[in-house]
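Engineer: A single structure is presented below for examination.
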Amino acid sequence: MLNCRQIIDRRRELWEQAKDVQQDVEYRNAVAEYMLEHKHIRKELADRPELLIEMCFIIVDKDKQTSPFFLNDVQADFFRRLNTAIAEYRAGRRHLLRFLVLKGRQQGFTSAITAYQLACTITRKNFEGFTAADEDGNSSAIFENKAKYPYEALPGPLKPTEKYNNRKQLLFERLHSSWEIKTASRNMGRSRTINFFHGSEAAFWKDGISGTQAGIGEALTKDAIVIYESTANGYNEYKELWDGGIWENCFYEWWRTAEYRTNFESDERRVWFVKQVTDREEWIWERCRWLLNTIGLELEQIYWYYNKYDGYLKKDTIKQEYPCSPLEAFLASGTCVFNQEKVVMRIEQLKLVYKKRPPRRGNFRFEWNDPKTMDSIKDGTIKWADNPNGSITIYSIPEERYPYVIGGDTKGEGHDKYAATVLNNVTGKRCATLHMQATNSKPYTHQMYCLGRFYNDALIGIEMNFNTAPIEELERLQYPHQYVRVKYDDFTKQTEKKYGWKTDGNTRPLIIDKEIGLIEENIDLFTDIDFLSECLTFIYDKNGRPDAESGKNDDLLISDMIANEIRSQQSYTLSDVETKREQLPFALQTDEPDDEGVYGW
């Protein structure tokens, strides 16, 4: 008694031995007969339709040769994720089967998802699949090459009784099952009941995703599988879905496609390429070094990537067509203020670091001297509490005798949050961030008080433009070290000292320019991925003014800029007074920095 995987393995073995199309036809015919005779095979296929693809389907490959349809790595990985999601849905552990696939060119998702729907159509009753393509030419090509051609090549016993297989639709009358493809439009899917929807190149739909969802949304069954797959097309609706947290995001790097590698023409060419990767400073060679040293790709893969890059007239096309990360794929719709390449590479580097050693997340707890009046915080009661949903992320805890500064940004309008950034004033390294959504400023201010005390009574500078309450509350609590600005009084003609940082037409360009230079020259000082993500959506608007892109935040970015600017009011050298950490309420141990320079606990 064979199972589906054994049948697939034998087909693959025969194909690799002979590459004989006729032999494969005979094998597929035998498989079809075996399926009809053995109920356990049909049961297995009912749960895993993708197995039928590798058992009996054919495909025209990139060399225009007909061959068995064996799933590549990314196709197989996606179907594993799909099967896991279906099992979770049936067990009541998830409520939606919604997937976004972000990928590079020619990774085979349209072929695989179309084949999956075809397998469902010919093996299930009452199945109704639907595909929406970005343009008419692509919908015709998908129907003819990825659906009709593989279907017509199937063994006869696997073909249900047809009502028709034209008009870009396959309809099987006795099974009451069908699959159809159309060009994405506002009215597609109306008066239908669809249990599998595939949006091909959804980021490029003429009417946008929102323009088509009204019609198709009402047609979907409650257990419908919905898959949008696409290469990126800037910061559009597809990016909004990706950021929304409702859909399951599936990103597939180009190097996971096995054929994306190129052999060197000669040993001399290989030596030349290695020398360029080692010595040259241009963007492409920096990228190649990153792929080699950080990602760990083989030279033949990197050489393939270089040749793709070299063939484009517009070199930045490589980032969108063959992205190395989702952030890179979604190029900003405006001109990014910061060096996008350095930011993206740093984010990917930190992801690898934090996957092995996550930073500490939580909040501070404390007691009031008088709980009724909340007159002052009892410093001896301040304790750190781990909480995966906490507002504070700590990358390195304070070291004895080191001075620290904390920049703070209060909640403004819209979706802004309270934010703070802690940096070591000797090294410039970012040590912690605070990012909090609150209805008023007091929870933020009290965490800032504890954070400042924790970091050796750090200098705290909070922006006063929108809200001076945190500054006043810190003053009431007698926090010992706030940033002081000099204010000129128009009435008295005198200067006076005021707590807090003020962002205005003079200081804003200054702190932005400093941040641009710091990211360009010392990107390794930055440790917070959320901060770096904000950098990617901080763009020059249509008037040339640097600002957060519409709908995006810059809270952590502003707090970091403030922290960087107020450093002059804090010492740049180690204190002569040795603080005994065990005498403070924060007796925690520090680890040595790891290879990437990110401190752990």
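All of the numbers you see were taken from the coordinates with simple rules; none came from a lab. Bear in mind the structure is a predicted one, so any value in this text is a computation, not a measurement. Every residue, glycine among them, receives a Cβ derived from its backbone with ideal geometry; neighbour counts consider all protein chains shown.
Engineer: Using only the alpha carbon atoms of segment 251-377, find the Kirkwood hydrodynamic radius as the inverse mean reciprocal pair distance, in angstroms to one decimal.
Structural biologist: Mean inverse Cα-Cα distance, inverted, gives 17.6 Å.
Engineer: Within the chain, what percent of beta bridges assigned by DSSP are antiparallel, to the nearest 5?
Structural biologist: Given both bridge residues lie in the chain, the antiparallel proportion sits at roughly 55 percent.
Engineer: What is the antiparallel percent of DSSP beta bridges lying wholly in segment 4-253, to the nearest 5? Present the calculation step by step, with values, prior to reporting the outcome.
Structural biologist: Values: 9 of 36 bridges.
So the antiparallel bridges amount to about 25 percent of the total.
Engineer: How big is the charge dipole of segment 47-180 about its Cα centre, in debye rounded to the nearest 20, if each Lys and Arg gets +1 on its Cβ and each Asp and Glu gets -1 on its Cβ?
Structural biologist: 400
Engineer: Turning to a different aspect of this structure: State the volume of the convex hull built on the alpha-carbon positions of segment 194-334, expressed per residue in Å³ and rounded to an integer.
Structural biologist: In segment 194-334, the Cα hull volume divided by residue count equals 142 Å³.
Engineer: On each of the three principal axes of the Cα atoms of segment 195-272, give max minus min coordinate, whole Å, ordered largest first.
Structural biologist: Per principal axis, max minus min of the Cα coordinates gives 61, 25, 22 Å.
Engineer: Counting residues in segment 4-253 as N, plug N into 2.2 N^0.38 Å and put the Cα Rg over that result.
Structural biologist: 0.99
Engineer: Continuing with this model, one more query. Give a quick list of trypsin sites (Lys or Arg not before Pro) in segment 291-396 that DSSP marks as loop, anything other than H, G, I, E or B, with at most 16 other Cβ atoms within 10 Å.
Structural biologist: K314, K315, K372, K378
Engineer: Give the relative contact order (percent, whole number) for segment 353-494; include only Cα pairs under 8 Å separated by 6+ residues. Each step should come with its number before you reach the end.
Structural biologist: Values: 235 pairs, mean separation 28.8, N = 142.
Once normalised by length, the contact order is 20 percent.
Engineer: Rounded to the nearest 20 debye, what is the charge dipole size of segment 365-447 about its Cα centre when +1 sits on each Lys and Arg Cβ and -1 on each Asp and Glu Cβ?
Structural biologist: My answer is approximately 80 debye.
Engineer: What nm distance separates the two modelled labels at T84 and N389, each placed 7 Å from Cα along Cα→Cβ?
Structural biologist: So the two model labels end up 2.3 nm from each other.
Engineer: Can you give the calculated 222 nm mean residue ellipticity of the chain, where each DSSP H run of n ≥ 4 adds -39,500 (n - 2.57) and the sum is split over every residue, rounded to the nearest 500 deg cm²/dmol? List each step's numbers first, then the result.
Structural biologist: Working: 21 runs with 226 residues, N = 601.
Estimated from H runs of four or more residues: -11500 deg cm²/dmol.
Engineer: Let me ask something else. Sum up the charges of everything whose Cβ sits under 13 Å from the Cβ of H95, counting Lys and Arg as +1 and Asp and Glu as -1, but leave H95 out. Kindly include the intermediate steps, with their values, before the conclusion.
Structural biologist: Values: positive: R90, R93, R94, R98, K222; negative: E88, D223, E248.
Cβ neighbours under 13 Å give a net charge of +2.
Engineer: OK, next. For the Cα atoms of the chain, what angle does the longest principal axis make with the long axis of helix 555-565, in degrees from 0 to 90, nearest 10?
Structural biologist: So the inclination is approximately 40 degrees.
Engineer: So, one more: At a 10 Å Cβ-Cβ cut-off, how would you order W368, W304, W205, fewest neighbours first?
Structural biologist: Result, fewest neighbours first: W368, W304, W205.
Engineer: Another question about this same structure. Could you list V426, V577, V344 so that the one with the fewest beta carbons within 10 Å of its beta carbon is first and the one with the most is last?
Structural biologist: Lowest count first: V577, V426, V344.
Engineer: Once fully extended, how much extra length lies between R270 and R42, figured as 0.36 nm per residue of separation less the alpha-carbon to alpha-carbon distance? Numbers along the way, then the final one.
Structural biologist: Values: separation 228, 0.36 × 228 = 82.08 nm, distance 5.07 nm.
Here the answer is 77.0 nm.
Engineer: Which of rounded, prolate, oblate describes segment 1-110, given a ≥ b ≥ c as roots of the alpha-carbon gyration tensor eigenvalues and a/c under 1.5 marking rounded, otherwise prolate only if a/b is larger than b/c?
Structural biologist: Taking the square roots of the gyration eigenvalues as a ≥ b ≥ c, segment 1-110 is oblate.
Engineer: Using the Cα centre as the reference, give the magnitude of the dipole from point charges on the C-beta atoms of segment 161-315 (Lys, Arg: +1; Asp, Glu: -1; all else neutral), rounded to the nearest 20 debye.
Structural biologist: Details: 22 positive and 24 negative charges, 127 e Å.
The calculation lands at about 600 debye.
Engineer: With log10 I(q)/I(0) by the Debye sum over Cα atoms at q = 0.06, 0.10 Å⁻¹ defined as stated, name the option among (i) -0.33, -0.86; (ii) -0.43, -0.98; (iii) -0.37, -0.95 computed from the structure displayed.
Structural biologist: Label of the calculated value: (ii).
Engineer: What is the calculated FRET efficiency for Q65 to K356, with r their C-beta to C-beta distance and R₀ = 35 Å, to the nearest 0.05?
Structural biologist: 0.25
Engineer: While we're here: Tell me, in nm to one decimal, what length is gained between D370 and D504 on full extension, where the rule is 0.36 nm per residue of separation less the Cα-Cα distance?
Structural biologist: So the chain would gain 44.4 nm between D370 and D504.
Engineer: State, as an integer percentage, the relative contact order of segment 4-253 based on alpha-carbon contacts under 8 Å between residues 6 or more apart.
Structural biologist: RCO, segment 4-253: 21 percent.
Engineer: Still on this structure, please answer the following. Of L100, L477, how do they rank once you tally other Cβ atoms within 10 Å and put the fewest first?
Structural biologist: Ordered from fewest to most neighbouring Cβ atoms within 10 Å, L100, L477 come out as L477, L100.
Engineer: Continuing with this model, one more query. So what is the relative contact order of the chain, in percent, for Cα pairs below 8 Å that sit 6 or more residues apart?
Structural biologist: 11
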